[in-house]
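The values are calculated or read from the model by the stated rules, or taken from the named source; none is laboratory data. Here the structure is a predicted model, which means the values were calculated and not measured. Neighbour counts are summed over all protein chains in view; Cβ atoms, including those assigned to glycine, are modelled from backbone coordinates with ideal geometry. When the accessible area is computed, the model is the full protein with side chains, heavy atoms only, and any ligands, DNA or RNA have been set aside. Shrake-Rupley method; radii C 1.70, N 1.55, O 1.52, S 1.80 Å.
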Amino acid sequence: KSEAEERVHEALTAALPEEFRLYPNVRWIHKEHHKAPARDGETDMVILHPEFGLLIVETKGGRIQRDTNGRCWSGRNQLKPPPFEQAETSKHAVVRKLVGLPDWPGHEAEMRAGHAVAVPDVDISTVAHPERSLGADASPVLVLDRQAMTSETSVKEWVIGAYDYWVGDGRRGRAMTGREVAIADEVLSPAPMEVTSALRHDIEAGEAEVVKLTRGQFLI
């Protein structure tokens with residue numbers, strides 16, 4: 001993680017109660033359909049709440065700028081793609097990864113999911129008319145800035161506000177079932193795993209060893 005990502009992770013961990021699950025630095029890979037080429041990527045934070053769904057958060061540290069050509073920068077580093085575009089792409093990828101699982105109970109249209117951007121080193125209030133200046137694909141409500149990170153209360157309020165922005169009056173999608181939460185948790189969190197040989201393969205290998213030994217004895 002970058003230093004900015006660490007600070008955002010710590011702030012979210014301290015501010016959110018247990019019903020919010022946090023998954024930092026989630027790498028993903030998915031295909032639009034079975035003949036499409038695979039795409040891969042990474043998202044800085046996935047927040048999961050059984051009622052509100054998923055919130056994908058991309059974090060960018062340092063001073064954030066956008067030039068007249070629409071290119072975004074963090075200091076001298078160009079942000080490719082721009083933060084909100086990257087967050088949106090990761091949102092769709094994670095949702096499709098989950099709903100594409102053979103045992104996923106629901107459908108993509110039922111998933112409550114949104115995306116947002118964290119910029120812990122700057123204040124969005126320093127931008128003139130942020131509702132217009134951020135562009136058509138962004139909203140100040142979806143930006144976690146330094147001011148919003150001043151206390152645990154303000155961090156929690158920002159998260160709830162970002163969810164409300166996407167869910168609205170609740171008519172969009174539905175809450176996640178316990179089964180869906182369990183599956184998502186298994187996919188998004190790296191759990192201990194061991195891959196072993198199937199019993200039938202062990203039996204076949206054992207039978208092959210017996211045959212090999214018998215042939216060796218025959219030669220002797």
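When restricted to residues that are more than 18 Å from the chain's Cα centre (by Cα) and either part of a loop (DSSP other than H, G, I, E, B) or more than 19 Å from Pro17 (Cβ to Cβ) (or both), segment 176-207 contains 18.
Counting the residues of segment 169-189 that are surrounded by 10 or more Cβ atoms within 10 Å (Cβ to Cβ) and without any contact (Cβ under 8 Å) to a residue 12 or more places away in the chain gives 3.
Of all residues in segment 151-162, none satisfies being modelled with pLDDT under 95, on the phi < 0 side of the Ramachandran plot and aromatic (Phe, Trp, Tyr). Report yes if some residue within segment 158-165 is under 16 Å from the mean Cα position of the chain (by Cα), under 25 Å from His9 (Cα atoms) and of a type in the set (Phe, Trp, Tyr); otherwise report no. Scanning segment 158-165 turns up at least one residue that is under 16 Å from the mean Cα position of the chain (by Cα), under 25 Å from His9 (Cα atoms) and of a type in the set (Phe, Trp, Tyr). What do you reckon, is Glu157 over 30 Å from Val127 (Cβ atoms) and of a type in the set (D, E, K, R)? No; evaluated as a whole, the condition is false for this residue. Each residue in segment 114-145 was checked for being modelled with pLDDT of 90 or more, assigned to a loop (DSSP other than H, G, I, E, B) and not β-branched (Val, Ile, Thr), and 5 pass.
Applying the criterion of at least 3 residues that are touching a residue at least 12 places away in the same chain (Cβ under 8 Å) and open to solvent by less than 40 Å² (accessible area, probe 1.4 Å) to the strands (runs of 3 or more DSSP E) found wholly in segment 1-113 leaves 21-30, 39-49, 53-59.
Going through Val159, Val187 one at a time, which residue ends up being of a type in the set (A, V, I, L, M, F, W, C) and under 24 Å from Trp104 (Cβ atoms)? When all the criteria are applied, what remains is Val187.
Scanning segment 114-139 for residues that are open to solvent by less than 80 Å² (accessible area, probe 1.4 Å) and β-branched (Val, Ile, Thr) returns Val117, Val119, Val122, Ile124, Val127. Flag: Leu142 matches the condition of being open to solvent by less than 30 Å² (accessible area, probe 1.4 Å), over 15 Å from Leu48 (Cα atoms), touching a strand residue (DSSP E or B) at 6+ places or on another chain (Cβ under 8 Å) and not polar (S, T, N, Q).
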